[in-house]
Structure formats: C-alpha cells, structure tokens
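Down below is the structure, laid out as structure tokens.
Only the coordinates and a few stated rules stand behind these numbers; no lab work does. The shown structure was predicted, so the numbers you read here are calculated from the model rather than taken from an experiment. Positions of Cβ are generated from backbone atoms using ideal geometry, with glycine treated the same way; all protein chains shown enter the neighbour counts.
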Amino acid sequence: MATIITAATSATSGPLQLRASSIPRFVRCPASETLPQVKNTSDAARLGTVVHLACENIVHERDTDLEALALLHDVPLPELKHLYFGARALWEEYGHFFPNPRTELEYVQNCSTHVEPHPEDFLLSGHADIVSHPDEKTVCIADWKSGRGEGDYGPQLKTYALLAYIHALTRDAETPLERVYAAIFWLRERQIEGQWFEAGVLLDWFRELQRAVVRAAEGELVVGAHCTHCPVANCPAFKTRAWSLMPVNAEMEVTDENALTVYETLKAFKKKADDALQLVEQHIRQNGPIDTPDGKQLTFRETTRESIVPRIDVMQHLSANIPAELVLDAMSFSKTKLMDALTADAPRGTKKQVIEETMAQLRKMGAVEQSTSTLLAIVKKET
Ligand code: SF4
C-alpha cells in the first residue's frame, strides 16, 4: 500500500516547535525544523497508531479485539498481532519497572536559549507512552516503537528524560527529582533499549539543544544519513549534494574518502525516490491509467503467485508421489508466526522461556537452518 504524502505545510512562524521524535535529526541538521515539511501518513504510521492503542490496553490490563481493530483502521492483522504479542512479552518481562503506570502523557515545555547574540524561544514537546514514578526521586518513561530501528535513538531518549525532568522541576515537589530512566520497547525485535539519566547529563543536553536552536536560526543545514527520513520538502542542501553525485558512473571515482558520503546520500535519495514513486501509484489508483506517447499505458499490472498450504493431508498426498524428503525440503515455516502461535496462550511471564525451550528442542532435532545474506550497511565496529 502507498505512502501518502500530503501537501507541504508552511514553515512554522513564532517560536521553534521541537518534538522529541524529531530531535535525532534536529541536532544533526538544526535548520531542518525551520523549513516547510511534508506530512507523511504512511501505512507504517497508521499501523504505529493502532499498535499504540493496543499497547495502552496491555498496560491497563484491558483486552483488545485485534481483528476488529485491524478491520476498523485497515491495517494488516498478522503484523498487528506480531507487534501486539511482542508488546505483551516485553510488558510481562519489564512492566514491574513501571509501577502505577500512566499512559499517553503529553509534555509541552516553553524554553528559551538565553544564548547571546541570538536569544530564541522554543517549544519542546514529546508524547510519553508510559510514565511511572517508582519513588519520589525517580521517573521511568517508555516509548513503544513498532518500526524497524534505524539510526541512533539516544537523543530522543535523552529528550524524553529531559522533558520529564523539566516537568518535575515545575511541579514544586518537596523532594527533587534525581534520575530519569527512559526506554524504548522495540516490538518487532522484542528488545528494550533503555538508559538512566542523572540531572547533570540532562542539563548538559538542554544546553546542547539551546545551541542547536541558535544554529537553526542561522540556517545551518547538514546533509547526512539523517536525510533519509527527513520530511523537509525541496531541501536545497540535499538537492545540491544528490545532484553532485548523479554522474557517479561517468566521472566520479568512489574512494575511501568519499564512499561513506556517496552511500549515505544515495540511500537517502533512494528513499525519497521510492516515496515519489508511491505518489505516482497513488495518483494512478485514484485517476486511472496514463497514456504514453507511443500508444501504451502506465498502469498496474497484476501478477498472481500460487502457494501451497502446508497441511498434513497435503504432505501425505504429495509424499505418495514424490519422496518425503523432497516434499519436506520444499516446505518452510514462518518462525515469527510459529512463535506467536506458541506463545499466544502461554501464561504470563513464561513466553520467553517457551520460545527458548522450543527453539532449543528444534535445534536438537536439526530442524533449524540458518541462511546468511550480505547487505551493505552501517554497523557497530568490531572491537
Ligand atoms: S534533507 Fe537533510 S540537509 Fe535537508 S533539511 Fe533534511 S536533514 Fe537537513
């Protein structure tokens, strides 16, 4: 399904408005928050919204009718189920770190740089999915993430922690807040990424944001890997960089010095080209085929693939005609779907163990195969 990109919004007037979710890009390219942006209402974004509704129910121990939710919001049920079970498994394992949780809390803080010679006001906001106060000196915050984690989410975590910290300062509490724990629950991978922040670190981070606001006012645009998901429309800096790489085959030599820049820029360019192609698809879906000058049409071509349902009776039938090993060789299971099915009704707190034991048993039976593919990517250095 298509990513829908709506008309460009105008650049904000008045104080700069910064969302915690934009901070990782903002600190790298400050002026990206001052230029007109396109609103991305992709399927992934819609799925994320629906998953958050279901996750809130998990935290408050309420049931969720996943089928009804998927139907109502037109999102794929298998993916919703996978993410939902991921959230349940994580909450069962880590939920006790978040006693008396509150959910879906919006923090909004008015801030000022007070940095000469460019004093700027800015508005810092963020939406915390889970907030808990285990004791008077501590706040724990968590954010559900249904996407595939690309990039560094440290600045976002630090900004959630900062928002909670500033909020606590304005509460006039008797005991000052000393530390904030901020975590991301990665639903696909069923992993948690969390960090403790002390007050000093958060104040340093606030100063860094203040400096970035000043850099934004100065129009500082920085091209890099963060351009890939940047919603800015028609960024002049990115266009100049991308255009400079277009004659890559004809004139430009890729060297140790420029390979990283070429890779990051082309990756971002490919994402933007994919988004543009989805706009063309959306147009044709809505308005019908376009005639080409040579009498053909730009339209959708349907291709149908058949797959065989791996049922016992199907296996028996096939085994009567071809050797059983060949039938089995042609079959494969979806590990994700199997594990979801296995743990769907498992008692609370036992899901991880059920998966580990099943996988250990399957390994012992020689029923687990690994395949390796090679992909160019930016990864942590081996030490
Ligand atoms: S495309 Fe890149 S350089 Fe341009 S505003 Fe976005 S992040 Fe900055």
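Counted by neighbouring Cβ atoms within 10 Å, the residues 374, 175, 159 run from fewest to most as 374, 175, 159.
Counting 0.36 nm for each residue step from residue 312 to residue 67 and taking away their Cα separation leaves a gain of 85.5 nm. Over the residues of the chain, the helix contribution to mean residue ellipticity at 222 nm works out to -13500 deg cm²/dmol, using -39500 (n - 2.57) for each DSSP H run of at least 4.
Residues 75, 309, 38, arranged from fewest to most other Cβ atoms within 10 angstrom of their Cβ, appear as 309, 38, 75. Assign one of three labels to the stretch 225-281, namely rounded, prolate or oblate, based on the Cα gyration tensor with a ≥ b ≥ c the square roots of its eigenvalues; rounded applies when a/c is under 1.5, prolate when it is not and a/b is larger than b/c, and oblate otherwise. Note, shape of the stretch 225-281 comes out prolate. Volume of the convex hull of the stretch 15-167 (Cα atoms only), normalised per residue: 130 Å³. Could you tell me which of 279, 72, 343 has its Cα farthest along the dipole of the chain towards the positive end, charges placed at Cβ (Lys, Arg +1; Asp, Glu -1), taken about the Cα centre? So the residue furthest toward the plus end is 279. Taking other residues whose beta carbon is less than 15 angstrom from the beta carbon of residue 353, and scoring Lys, Arg as +1 and Asp, Glu as -1, yields 0.
Legend: calculated FRET efficiency, residue 108 to residue 274, from the Cβ-Cβ distance at R0 = 41 Å, rounded to 0.05, equals 0.75. Over the chain, the alpha carbon radius of gyration divided by the compact-protein estimate 2.2 N^0.38 Å works out to 1.18.
Here the extension length gained between residue 178 and residue 305 equals 39.9 nm, from 0.36 nm per residue of separation less the Cα-Cα distance. Here the calculated FRET efficiency for residue 256 and residue 320, from their Cβ-Cβ distance with R0 = 56 Å, stands at 0.40, rounded to the nearest 0.05. With a simple spin-label model that places each label point 7 Å from the Cα along the Cα-to-Cβ direction, the separation between residue 207 and residue 189 comes to 3.2 nm. Is the shape of the stretch 194-345 rounded, prolate or oblate, going by the alpha carbon gyration tensor and its root eigenvalues a ≥ b ≥ c, with a/c under 1.5 for rounded and a/b larger than b/c for prolate? The shape class here is oblate. Sorting 284, 58 by the number of Cβ atoms found within 10 Å of their own Cβ, with the fewest placed first, yields 284, 58.
Local charge for residue 318 was computed over the other residues whose Cβ lies under 14 Å away, with Lys and Arg +1 and Asp and Glu -1, and equals -2.
Free of any trypsin sites (Lys or Arg not before Pro) that DSSP assigns to a loop and that have at most 11 other C-beta atoms within 10 Å, the longest stretch within the chain is 172-295. With a threshold of 23 Å on the Cα-Cα distance, the over-threshold entries among 272/380; 272/381; 267/335; 145/364; 145/337; 81/335 are 272/380; 272/381; 267/335; 145/364. Once the C-beta distance of residue 290 and residue 135 is scaled by a Förster radius of 45 Å, the resulting FRET efficiency is 0.10 to the nearest 0.05. Charged side chains reduced to their Cβ positions (Lys and Arg at +1, Asp and Glu at -1) give the stretch 225-281 a dipole of some 240 debye around its Cα centre.
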